[in-house]
1. Considering only the stretch 26-35, how many residues are farther than 11 Å from residue 64 by Cβ and within 18 Å of the chain's Cα centre (by Cα)?
2. Collect the residues in the stretch 171-181 that are within 15 Å of the ligand (Cβ to nearest atom) and surrounded by fewer than 20 Cβ atoms within 10 Å (Cβ to Cβ), keeping them in residue-number order.
3. Note down all Cβ pairs under 7 Å where the first residue falls in the stretch 115-143 and is more than 16 Å from the ligand (Cβ to nearest atom), the second is of a type in the set (Asp, Glu), and they're at least six residues apart or on different chains.
4. Scan the stretch 100-108 and give yes if some residue there is under 20 Å from the mean Cα position of the chain (by Cα) and at pLDDT below 95, otherwise no.
5. If you go through the stretch 22-40 one residue at a time, how many are away from the ligand (no atom under 16 Å from the Cβ) and surrounded by fewer than 18 Cβ atoms within 10 Å (Cβ to Cβ)?
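The values are calculated or read from the model by the stated rules, or taken from the named source; none is laboratory data. On a predicted model such as this, the values are computed, not experimentally measured, just so you know. So basically every Cβ, Gly included, is an ideal-geometry build from the backbone, and we count neighbours across all protein chains shown.
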Amino acid sequence: MKIYKDTDELIIALAEAIRKVAEETIEARGQFNFVLSGGSSPRKLYELLASKTYRNKIDWKKTFFFFGDERFVPENDSQRNSLMAQKAMFDKLKISNSHILKVDTTGSPSEAAQRYANSIAAHFHNTPMEFDFILLGLGDDAHTASLFPNTEVLKETEATIKSDFVKKLDAYRITMTAPLINQAHTIAFLVFGENKSEAVYRVLEDKAASAVLYPARLIKSNKKKVVWYLDTAAASRL
Ligand code: 6PG
């Protein structure tokens, strides 16, 4: 757990962690497979990674981008996580489309999930889909990616992509399952704001809390420690 006095400090520390993992991974395996989070919190981080400070510090030509989850809406819909990342980072870094594996939401939600799983499996040449860095956010209800409280997808034991209907949003989501997230080399949570402090407490400290009600409790890396990047407000109940 890393706690920072404000979001700027937090974002800079996280950008540095991403730079370090990218460098080591490209050195070791020739490419960096980077899973992005959606929501509003990571926008500043993506803008920093695309800024003068970072644009030459990471070998973007050897970086592939994925999404931990996506809203089941058309590609150009303003709700799309991929559109936010496109505007905040990909366009500025001139990332080629062949390096961005987006969710194609044509057809049914389950078809979209299966297609995304196939495209990721193909990228990994059918070897285990072990991403190098997965960035996750946290909802104030302790959901992460699109693993929402009291939903079917929480029971998934397969490391894959699933669609799920989220009653409280009255919408479908496409999401990586917890087993898929947990096989990543590095997992980092980016969480700030007082409104998240209850969820942070339930996930990190409340031993009696269940994963069905607080899904981010399902995130336990098979490899290394999960790192939580928090500001003091989000950590205020710890
Ligand atoms: C999404 C996200 C989701 C997000 C949380 C936090 O598609 O919405 O992937 O898991 O990380 O909802 O969202 P905020 O950062 O906007 O609070």
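1. Here the count works out to 0.
2. Across the stretch 171-181, the qualifying residue is only 171.
3. Between residues of the stretch 115-143 that are more than 16 Å from the ligand (Cβ to nearest atom) and residues that are of a type in the set (Asp, Glu), the close pairs are 115/104.
4. No - not one qualifying residue is present in the stretch 100-108.
5. Looking only at that region, the number is 8.
Quick grid of which residues meet (1) of a type in the set (D, E, K, R); (2) surrounded by fewer than 21 Cβ atoms within 10 Å (Cβ to Cβ); (3) on the phi > 0 side of the Ramachandran plot:
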| residue | (1), (2), (3) |
| --- | --- |
| 64 | no, yes, no |
| 68 | no, no, no |
| 71 | yes, no, no |
| 77 | yes, yes, no |
| 102 | yes, yes, no |
| 111 | yes, yes, no |
